Amino acid sequence: MKEGIGVEEQLSWKTDKPSEDLSCNWHYKRSPSYNDSASTDATGKWCIFVSPTEVDEVWNKISGAIESNQLLCAKVSTALRSMGRDGHVICVYTRDWADRQDLVRVRVVLQSLGFVQELGYRRDIDTRNRIYGSGEWYLRA
């Protein structure tokens, strides 16, 4: 809790830092060339799990790649969304999970940003259908 700020104010406290934001569940970022915000049966995302101490720095890396049109769009869980969890998740989206070339291209961009550990790719249709467990990852790379 921040000193000098009442509990009620803190519960609606908005900040650019995902690690501190208690006003919403997610922060979103879209590239200047991205003009569609809808999730479809074709969209999917690479999922990056990070600790609360790393999330702001990692989100800045992803945001920079989005601003330079290397990545399409992404979202990051905030402090509000991550309460009671081990950390944060950053979802880096692609337009079409069947476009393997684009999935690989985005994965290479993420590797160039330092995300060299294995990541899971999840189709939005699987998220909507609540497919979790052994079959939840469409791809791991």
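The values are calculated or read from the model by the stated rules, or taken from the named source; none is laboratory data. Owing to the predicted nature of the structure, the values given are computational and were not obtained by experimental measurement. Here Cβ is always computed from backbone atoms with ideal geometry, including for glycine, and neighbour counts include all displayed protein chains.
Between a residue in the range 112-141 that is in a helix (DSSP H, G or I) and any residue that is modelled with pLDDT of 85 or more and of a type in the set (S, T, N, Q), which pairs come within a Cβ distance under 6 Å, given they are 6 or more apart or on different chains?
Asp124/Thr43
From Leu139, Leu113, grab the single residue that is of a type in the set (A, V, I, L, M, F, W, C) and modelled with pLDDT under 95.
Every option except Leu139 fails the conditions.
Take the residues of the range 104-125 that are more than 23 Å from His27 (Cβ to Cβ) and of a type in the set (D, E, K, R): which is surrounded by the fewest Cβ atoms within 10 Å (Cβ to Cβ)?
Restricting to residues being more than 23 Å from His27 (Cβ to Cβ) and of a type in the set (D, E, K, R), the top hit is Glu118.
Could you please give the count of residues in the range 27-40 that are loosely packed, with under 15 Cβ neighbours inside 10 Å and either within 13 Å of the chain's Cα centre (by Cα) or small (Gly, Ala, Ser) (or both)?
5
Among the residues in the range 67-86, are any at pLDDT below 95, touching an Asp or Glu at 6+ places or on another chain (Cβ under 6 Å) and not hydrophobic (A, V, I, L, M, F, W, C)?
yes
Would you be able to say whether some residue in the range 71-80 is within 19 Å of Lys17 (Cβ to Cβ), assigned to a helix (DSSP H, G or I), within 15 Å of the chain's Cα centre (by Cα) and basic (Lys, Arg)?
no
Has the range 94-103 got any residue that is aromatic (Phe, Trp, Tyr) and surrounded by 13 or more Cβ atoms within 10 Å (Cβ to Cβ)?
There is at least one residue in the range 94-103 that is aromatic (Phe, Trp, Tyr) and surrounded by 13 or more Cβ atoms within 10 Å (Cβ to Cβ).
Which pairs turn up if I take residues in the range 56-73 that are surrounded by fewer than 13 Cβ atoms within 10 Å (Cβ to Cβ) and look for partners that are assigned to a loop (DSSP other than H, G, I, E, B) with beta carbon separation below 8 Å, at least 6 apart in sequence or on another chain?
Asn69/Ser31; Asn69/Pro32; Asn69/Ser33
Assess whether Asp124 counts as being over 14 Å from the mean Cα position of the chain (by Cα) and among the acidic types (Asp, Glu).
Against the criterion (over 14 Å from the mean Cα position of the chain (by Cα) and among the acidic types (Asp, Glu)), Asp124 does not qualify.
Among residues belonging to the range 41-55 that are in a strand (DSSP E or B) and not small (Gly, Ala, Ser), point out the one that is surrounded by the most Cβ atoms within 10 Å (Cβ to Cβ).
Per the criteria, the residue is Lys45.
I'm trying to understand the selection: among the residues of the range 9-40, which are modelled with pLDDT under 80, not in a loop (DSSP other than H, G, I, E, B) and not acidic (Asp, Glu)?
Gln10, Leu11
Can we say Asp86 is exposed (fewer than 14 other Cβ atoms within 10 Å of the Cβ), touching a residue at least 40 places away in the same chain (Cβ under 8 Å) and within 21 Å of Thr127 (Cβ to Cβ)?
Judged against the criteria, Asp86 is not a match.
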